[in-house]
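Encoded as structure tokens, the structure appears first; notes follow it.
The values are calculated or read from the model by the stated rules, or taken from the named source; none is laboratory data. Just so we're clear, the structure is a prediction, and the values are computed from it rather than from any experiment. No Cβ is skipped: glycine too gets one built from the backbone with ideal geometry, and neighbour counts run over all protein chains shown.
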Amino acid sequence: MEQEPRIGVYVCHCGVNIAAAVDVEHVARAAAELPGVVVARDNTYMCSDPGQALIKQDIREHGLNRVVVASCSPRMHERTFRAAAQQEGVNPYQVEMANIREQCSWVHRDKSRATEKAGLLIASAVAKAARLEPLEQREVDVTPGVVIIGGGIAGMTVALDVADTGLPAYLVEREESLGGRVAELNRTFPSLQPVSDLLQPLIARVQDHPNVTVFLTSCVSQVDGYIGNFEVEISGYGETGTPAGGDPASKSGTPRAGLSVGSIIVATGYDVFDPQRTPELGYRDYPNVITSLEMEERLIQGDLTVDGRRPERVAFVKCVGSRDARLGNPHCSRVCCMYTAKQARLVREMLPEAEVTVFYIDVRAFSKGGEEFYDETRSQGVRYRRANVSEIYRKRSAPGVDAGLAPRAGAAPVLLVAEDTLLGQPIEFEADLVVLAVGMEPRKNAGVIQKLLKLPRSADGFFLEAHPKLRPVDTAMDGIFLAGCCQGPKDIPDTVAQAKAAASSALIPLIRGSVPVESASAVVNGELCAGCAMCADVCPYDAAALDDLWGTSRINPVLCKGCGACAVTCPSSAIHLQHFTAEQVLAQVDALVE
Amino acid sequence: MKTQKLTEQLELFGCIQCGKCTGGCPVARKTTLNIRTLIYHMLVDPSMDVDAHQELWDCTACFTCVERCPKDVEPAELIISLRGELVEGGRVPETLGTALMGIFRQGNPSGMARQDRELWAAGMEESLERAKGLATRARDASSAQEECELLYFVGCIPSYDPRIQPVARALLRTFEGAGLHPGTLGTRESCCGSEVRRMGEAGLFGMLVEENGELLRSVGARQLVTTSPHCFNTFRKEYGLDGMEVLHYTQLVARLIDEGKLTFPEPSEARQEEHRTVTYHDPCFLGKQNQIYDEPRAILEAIPGLKLVEMDRRRERSLCCEGGGGRMWVEGTNLQERLAFQRVQEAAETGADTLAVACPFCLLTLEDAVKVQGLDEQLRVMDIMELVDACGAMPHVER
Amino acid sequence: MRSLIPVENEDVLSAIRGFLSQLLKAEVVDSVLVPMRTPTGAVTPALVSDAAFLEHADPLAPVMGLNAAPLAGRVSVREPRERVGVLLRPCELRALRELVKLQQASLDDLVTIGVDCLGTYDVSVYSAMRDDGGVDVTAYLATATSGDLVAAAGFAFRDGCQICEKPHAEGANITLELFGADLESGIPITLPDDVAHKLGLGAVAADRARPQVIEKVVAARTESRDERFSEIRERLDREGVQGVLASCVRCHNCMTVCPVCYCKTCLFRSQVFEHEPIQYANWARRKGAYRLPSDTMLFHLTRLNHMVLSCIGCGLCSSGCPADLPVGAVFRVIGQETQELFEYEPGRDVEEPLPLITFKEEEWMDVGEE
Amino acid sequence: MSDPACEAKPACEAKPACEAKPAYEAKPASPEPRFEPKIVAFLCNWCTYTGADLAGTSRIQYPPNVRIIRLMCSGSVDPTYVLKPLLDGADGVLIGGCHPGDCHYQSGNYKARRRTIALKEILRGAGIDETRVWLRWISASEGQRFADTVTEMTEFLREKGPNPMRTEWAV
């Protein structure tokens, strides 16, 4: 049982991510001197195939029985390295990681101190690794089914993909109908297809699908459990008589259903920027200054008149509420350039005599067919002027504007004050109708979902994906995935693509039928147990109980989630939490205090 | 010229050349000043001839560009720095040099004698002596009988300009009537330096910050109230007066009204004058730069018999009167068009008979414009403080 | 019911022996755990099932070499087949209640017999007293009547007893109430009605003197306690616990004799603290010098962590310490402060949950949010 | 304002011109070697450890004085884990867990709270500086709070000076 530790240490450069702040070669050399270390190396990318091959080769050639990888957070690649070691017969639980990227190189600029810290973190990992014991990977059965939060185009796409595999999909929508933001749009870009043509069949399929259960005017009010076995409570949304003490932002009412599912998809969408936060643009002061979403509604109605008159000069103002640090929205909303082009074109079609001008900072027409659509828009006579409109006002003040600032009737033209940066001249541009191309923001109540599901959010306030490139639909929480604009601004094709990706990721554990669970459960040493049963008192899962025959504690490994509360409570140290034993932790402490 | 250094220091690399700054710049529409192209020059052309840019003196430091920049660049700070280059080389317009020397020598831009700084309080000597005594006593803890809770910083223009002096008197009278007893610094008060900094004279500004800061702190007042939004702005943001609440008088008066400490008699009781229609001009240093929009309006609305009407350009879109940033002492490159002319026309169009302001500079520029535009029969310009004083329930009414 | 055990010929000890013997004969209990005198004069607890052996019983012997609560636990826990009477001092009763919470004892089949405690001597002192001519039991019992709990001339009670402010028996099934009693005319007793009936004891009016005498005893002891506490507190603040307990030889006696230290094998006697030789060398290098035996501070701090909330203040740890360290006083000082924090009084009530296995969601809401 | 030329005359007259820095600009700190405290941090896997990772992905800088040990739950921090480093000379111990109500294991942080309060009271009682032990609730989304906490703790311990236990051989 007791094996002499033979440890291999692998220090990753992560390109320059680590190497820029940590002297990687130096710490690798120092690691070679640590007790139990047989070989220590550094490599550009340990997670790459050659990096993993290096570990495998060393296991074979040096008879390693423990592996320490000093690289990114174990949350990122522990699985990768465990799998690599396992392929060569090393128990995956005898792999330990030193987090020298997220918790060292990315947060410290002083290279000598970051290097010193990295060395200590590696010594700590080596000390723990030397004491690691092999564990058996355990699995539990998965409850089939997926809860999808949000019934917009992303949520519906996920629901259908899940349901088409024959598994139950539960679609939770807070509004009275499905469709989300897309239902508020007129036509798509670049195809100019009526939105209803693509949305209505989708909604019908969702509603008719035998495997989809739709909860309208509902929200998720409680979530327990883990990947494979979540318990989700669905409650009414926005009902009167919301119980006191609940989070007012969630507006959750009476419980409607308790669901057991294997995965959860968050598809809660976005909020539209409210241009009352850019008061210089006069929105709500003038009835002929409207948002792009209000424009969509007018396009659906087919009525562009202002106070009964057909506008002769129509202006579009882009980047309203986007790319703007002072508003806390540094991001580009990604759709405004294209929907503005689309709206400008539709205005040209509906009002051929009108002059249509788009004021822009940059034109970003990157989606498939986007640049071509932009070309076509210009060729149809839409004028593009490079100017970020600074102010909108009316030249002649109508007498007697009340202090109440009520929007005035009448449709006197407004003046757009800007600098045409290509002319290098300040301009005052008169327009009869102004469309503010408002951007996307995180949902104001995203904090409710954040708290409920324990999801981190990025600096822009949108939900944070597990990895920006490699795990774009995963979250920090296993079994919870992101789809659509709740993760960041997207157009419809990107939203649907991400929704389909999220659906397939969510289906992996469901189709596999089981998920690996915490192998690191708590174990009782009956010899030491005095039978005080304090472990049973503190166990939140009723996993610990006194054995009737022996009077000593026993921990049911299936129920145990490995929190370690029992181990701390036991004064006899008769219980140890596997993989986090006192011996291992104190060895780490010793290495760190050195 | 140390362009590279300035570019880094002011973090101009964040600029995306969108033009929102120049687009919103009130003087860009009438002179060749284009702050966006100046930034662009700094980014791409290290050899700028500052002397060729006399339009730098046109900036009013209204800071609309700073408030609106989507990338947190502070365009006006570049103008201030470039003015600094000119100041360093001694190449400043003569009138401006005189103002700076006045501040250096006498502590005020008009270069009037320091000992005359108390003349504003003519007829209120008793109040002034009490106020000075309060501020002085508070400095000497051992003999302090009364604590100086509130310090009133009068400011240069209200101290010396005969048109503005009544505003300061009205302020002191109103506070005393409401049971507040502010202390003042008397002749020890010096220019706050707000415009000194904005004219590019960083050295003199630093000196003023040090001297005034020490003097202000020595009084130990908990609140500091100013007549001018310019003094208010610099004390609030550029002095580091920790532990002292810096207030513009409109904030304090609005608070007094709100707390019921300041009440007005119904117009019938007070005077038989006809009802007035008032429009309010937001000073840049109070509104755009400090987001104080509501307090002045709350005061006007509390005065019985006053009807407040709004101009189209108000609050965040208020038009600069062109009196800030040293422009009181420099004409600028376009003498013909004045923003104040436009502004008083806009005020007149509302049908108001009174244009209310809350800034000494605005009062002077707009009143001047009313006369030049021949609107003096129709429109009078008054400081909010004067309106409060005239309509207030004070025991003694001036004029 | 309150009653009186008759005393003949002023022989209180015989009266108690007789009472215990009656408990056996009337089959109130199947056996009795009681201090007994050995042929060589030592005093040790024994489990007695034959009443004849009770002639050796000596529950009034003023010596305490161990706390009998764990023994009561041993004979009661996990499906006992017999009803056992256990004669315990107040500190033993408190320890027993803590052990019940820790599932190391069960009250189900125990009949607890509490006896007011007049103060006890360390074994060595008691031995010396015996050599010196024996203990004057009459004088000793007289202190119960008056409430002036003084030790025999030239001798001192155990450290723990001197600062014990809870020497009066409370909450037992049967209580022998010595404080304030005129023992020569009978021993006041509180007992269940059915037991009294079986023993043929009738009700007797309450003894008026006991509450006042207890009050007097508690006041005097509290005063000495506070004095001692402030002395220890001052030392702890000045020297730290590492200074106060610097001479620890790590014999683990304090842990062995502690009635609530219930682990089968103490962690500090396990392999965890048998370090590799190289480890000692490393530590010596790190600090320049390394105290041996090692981990003494960790031992005491860990024992404080595990047990201080349950410390019932019998002071046997101090009695057992070969280095004469004030372990018990340290535990009591820190214990009082920590117990107050959780409004917990060890040994008060078996229904009171141990502070560290329970929690409230809404408590110390500011902690962790700074 | 160190240059006397600046104080003497306004720069618009003064020649040669001096480079005056406004007084409101902070002066750079002196480069004296500072005491660098060692902090051992026990972070729960689900909240604070992930929060520390988020500080990393967000590139929020904080002092490198903290060395992190990952545990599954703040409720599994054994008092020994705190005592051992303190007695061995670490300058501070940080315990990081999920905010009340957010524990991945339902109630681990509530237990940790009681346990830590008891431990700190015992340390205080034993004459050992308990202010070197910090318990903080930091969620997975509070990268900034984690960085701020480490910065604050480092400054606090720097102010306090080295743990006397570091050189106390008799402990």
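Against the test of being buried (at least 19 other Cβ atoms within 10 Å of the Cβ), among the charged types (D, E, K, R) and part of a helix (DSSP H, G or I), the options B:ARG117, B:ARG105, B:ARG130 yield a single qualifying residue, B:ARG117. Of everything listed in (1) touching a residue at least 40 places away in the same chain (Cβ under 8 Å); (2) surrounded by fewer than 24 Cβ atoms within 10 Å (Cβ to Cβ), the single unmet condition for A:GLN343 is (2). What is the number of the single condition among (1) at pLDDT below 95; (2) buried (at least 24 other Cβ atoms within 10 Å of the Cβ) that A:GLU102 does not meet? Every condition holds for A:GLU102 apart from (1). Of B:THR263, B:THR279, B:THR250, all but one fail to be out of contact with any strand residue (DSSP E or B) (no Cβ under 9 Å at 6 or more places or on another chain) and not in a helix (DSSP H, G or I); the exception is B:THR263. Output the residues belonging to region C:191-221 that are closer than 18 Å to C:ALA142 by Cα and of a type in the set (Val, Ile, Thr). Hits for region C:191-221 are C:VAL213, C:ILE214, C:VAL217, C:VAL218. Restricting attention to region A:274-295, the residues that are surrounded by fewer than 20 Cβ atoms within 10 Å (Cβ to Cβ) and assigned to a helix (DSSP H, G or I) total 5. If the condition is being over 19 Å from C:ALA105 (Cβ atoms), facing chain C (nearest Cβ under 9 Å) and in contact with a strand residue (DSSP E or B) (Cβ under 9 Å, 6 or more places away or on another chain), then region A:509-537 contributes only A:LEU528.
Considered as a group, the residues in region A:462-493 that are surrounded by fewer than 20 Cβ atoms within 10 Å (Cβ to Cβ) and within 11 Å of chain D (Cβ to nearest Cβ) include one that is farthest from A:VAL261 (Cα to Cα), and that residue is A:PRO468. The set of residues from region B:217-243 being surrounded by fewer than 24 Cβ atoms within 10 Å (Cβ to Cβ), within 14 Å of another protein chain (Cβ to nearest Cβ) and touching a helix residue (DSSP H, G or I) at 6+ places or on another chain (Cβ under 8 Å) comprises B:GLU238, B:TYR239, B:GLY240, B:LEU241. Taking helices (runs of 4 or more DSSP H) as the structural unit, those lying wholly within region C:65-137 and holding at least 3 residues that are within 14 Å of chain A (Cβ to nearest Cβ) and either within 22 Å of A:ALA533 (Cα to Cα) or more than 16 Å from the chain's Cα centre (by Cα) (or both) correspond to C:69-76, C:90-101. The set of residues in region B:129-163 being at pLDDT 85 or above, farther than 24 Å from B:GLY102 by Cα and touching a Ser or Thr at 6+ places or on another chain (Cβ under 8 Å) consists of B:LEU151 alone. If you go through region D:37-66 and keep only what is among the β-branched types (Val, Ile, Thr), under 18 Å from A:GLN450 (Cβ atoms) and more than 7 Å from every other protein chain (Cβ to nearest Cβ), you end up with just D:THR48. For region C:334-370, the candidate set comprises residues that are over 28 Å from the mean Cα position of the chain (by Cα) and among the charged types (D, E, K, R); within that set, the residue that is modelled with the lowest pLDDT is C:GLU370. Inside region A:115-157, residues that are of a type in the set (S, T, N, Q) and in contact with a Leu (Cβ under 9 Å, 6 or more places away or on another chain) make up a count of 3.
Against the definition (in contact (Cβ under 8 Å) with a residue 12 or more places away in the chain, of a type outside the set (Lys, Arg), part of a helix (DSSP H, G or I) and farther than 30 Å from B:ARG83 by Cα), how does B:SER159 come out, yes or no? It is false that B:SER159 is in contact (Cβ under 8 Å) with a residue 12 or more places away in the chain, of a type outside the set (Lys, Arg), part of a helix (DSSP H, G or I) and farther than 30 Å from B:ARG83 by Cα. Restricted to region C:281-370, the set of helices (runs of 4 or more DSSP H) holding at least 3 residues that are in contact (Cβ under 8 Å) with a residue 24 or more places away in the chain and within 12 Å of chain D (Cβ to nearest Cβ) comprises C:296-307, C:327-341. Here is the figure for region B:50-102: residues that are more than 12 Å from chain D (Cβ to nearest Cβ), outside any helix (DSSP H, G or I) and not charged (D, E, K, R) total 9. In region A:584-592 there is at least one residue matching the filter, namely being facing another protein chain (nearest Cβ under 9 Å), aliphatic (A, V, I, L, M) and in contact with a Pro (Cβ under 8 Å, 6 or more places away or on another chain).
Considered as a group, the residues in region A:20-33 that are in contact (Cβ under 8 Å) with a residue 60 or more places away in the chain and surrounded by fewer than 18 Cβ atoms within 10 Å (Cβ to Cβ) include one that is farthest from A:ALA98 (Cα to Cα), and that residue is A:ALA20. Do you know which of the residues in region C:233-269 that are part of a loop (DSSP other than H, G, I, E, B) and within 10 Å of chain D (Cβ to nearest Cβ) is farthest from the chain's Cα centre (by Cα)? Among those residues, the one meeting the criterion is C:ALA246.
Among the residues of region A:549-578, write down those that are in a loop (DSSP other than H, G, I, E, B) and facing another protein chain (nearest Cβ under 7 Å). Answer for region A:549-578, where residues must be in a loop (DSSP other than H, G, I, E, B) and facing another protein chain (nearest Cβ under 7 Å): A:GLY551, A:LYS561, A:GLY562, A:CYS563, A:GLY564, A:PRO571, A:SER572, A:SER573. Of all residues in region A:279-316, those satisfying the criterion of being within 11 Å of another protein chain (Cβ to nearest Cβ) and in contact (Cβ under 8 Å) with a residue 60 or more places away in the chain are A:GLU280, A:LEU281, A:GLY282, A:ASP285, A:TYR286.
Per-residue answers, yes or no, for (1) touching a Leu at 6+ places or on another chain (Cβ under 8 Å); (2) farther than 28 Å from C:ALA144 by Cα; (3) crowded, with 22+ Cβ neighbours inside 10 Å:
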{"position": "C:MET36", "(1), (2), (3)": "no, no, no"}
{"position": "C:ALA46", "(1), (2), (3)": "yes, no, no"}
{"position": "C:ALA52", "(1), (2), (3)": "no, yes, no"}
{"position": "C:LEU60", "(1), (2), (3)": "yes, no, no"}
{"position": "C:ALA68", "(1), (2), (3)": "yes, no, yes"}
{"position": "C:ARG74", "(1), (2), (3)": "no, yes, no"}
{"position": "C:GLU82", "(1), (2), (3)": "no, yes, no"}
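Could you check region A:59-166 for helices (runs of 4 or more DSSP H) lying wholly inside it with 3 or more residues that are more than 14 Å from chain D (Cβ to nearest Cβ), in contact with a Ser or Thr (Cβ under 6 Å, 6 or more places away or on another chain) and more than 30 Å from A:GLY180 (Cβ to Cβ)? Here the list is empty. Checked against the criteria, D:ASP88 does not count as within 12 Å of the chain's Cα centre (by Cα) and within 14 Å of chain A (Cβ to nearest Cβ).
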